[in-house]
1. Mind checking which helices (runs of 4 or more DSSP H) fall wholly inside the range 88-148 and carry at least 3 residues that are under 13 Å from Leu57 (Cβ atoms), in contact with a Phe, Trp or Tyr (Cβ under 9 Å, 6 or more places away or on another chain) and not basic (Lys, Arg)?
2. Could you pull out the residue among Ala41, Ala28, Ala36, Ala16 that is in contact with a Leu (Cβ under 6 Å, 6 or more places away or on another chain) and either under 15 Å from Val105 (Cα atoms) or among the small types (Gly, Ala, Ser) (or both)?
3. Name the single residue, out of those in the range 110-129 being among the charged types (D, E, K, R) and surrounded by 13 or more Cβ atoms within 10 Å (Cβ to Cβ), that is modelled with the highest pLDDT.
4. Residues in the range 109-124: is at least one hydrophobic (A, V, I, L, M, F, W, C) and under 17 Å from the mean Cα position of the chain (by Cα)?
5. Checking Arg53 against (1) of a type in the set (Lys, Arg); (2) touching a residue at least 24 places away in the same chain (Cβ under 8 Å); (3) more than 15 Å from His138 (Cα to Cα), only one condition comes out false. Which one?
6. What single numbered condition from (1) small (Gly, Ala, Ser); (2) more than 18 Å from Leu146 (Cα to Cα); (3) in contact (Cβ under 8 Å) with a residue 24 or more places away in the chain fails to hold for Gly6?
Amino acid sequence: MSVDRGFVDENSKARARLRALVARLSDADLARPMPAGWTVAGVLGHVAFWDQRTLVLLDAWEKTGAAPKLRAEDTDWINDAGKPFFLALPPRQGADVALAIAEAVDRKIEALGDDVVARIAAAGNPINLDRAEHRREHLDEIEAALRR
């Protein structure tokens, strides 16, 4: 059975874009305010959190073979709960963690067998293997804020 693994290439492109952004950001850039009380580094911490969540869910899937029970309505309160922690990280450390976690989750996703990818898809994609979509959304926001 053939499964669509286009997300692997997209994740890699988004990770490269993240790496390039982190490499060129100064500490002042990382501390730059973003909408809703966020900073550039805080947004990168947010991206890292959601990539790490995917990594943890994949590990759990491998151990149990069961799809996680997730509710879309929990996303906002999870973001709000994590925000103070993301903002408390030293900005450079937050950026470095975002890149390290992106690399780890992408390696894990790339190594998944087609059977696992197919089972995740059959379960309604409770684990989002397309990490690029979320990264691009926030990289676009960060780049727009830096142009202002």
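The values are calculated or read from the model by the stated rules, or taken from the named source; none is laboratory data. Remember, predicted model here, so these are calculated numbers, not experimental data. Neighbour counts are summed over all protein chains in view; Cβ atoms, including those assigned to glycine, are modelled from backbone coordinates with ideal geometry.
1. Values: elements: 91-111, 114-122, 131-147.
Answer list for the range 88-148: none.
2. Ala41
3. Only one residue fits best here, namely Glu110.
4. yes
5. Among (1) of a type in the set (Lys, Arg); (2) touching a residue at least 24 places away in the same chain (Cβ under 8 Å); (3) more than 15 Å from His138 (Cα to Cα), Arg53 violates only (2).
6. Of everything listed in (1) small (Gly, Ala, Ser); (2) more than 18 Å from Leu146 (Cα to Cα); (3) in contact (Cβ under 8 Å) with a residue 24 or more places away in the chain, Gly6 misses just condition (3).
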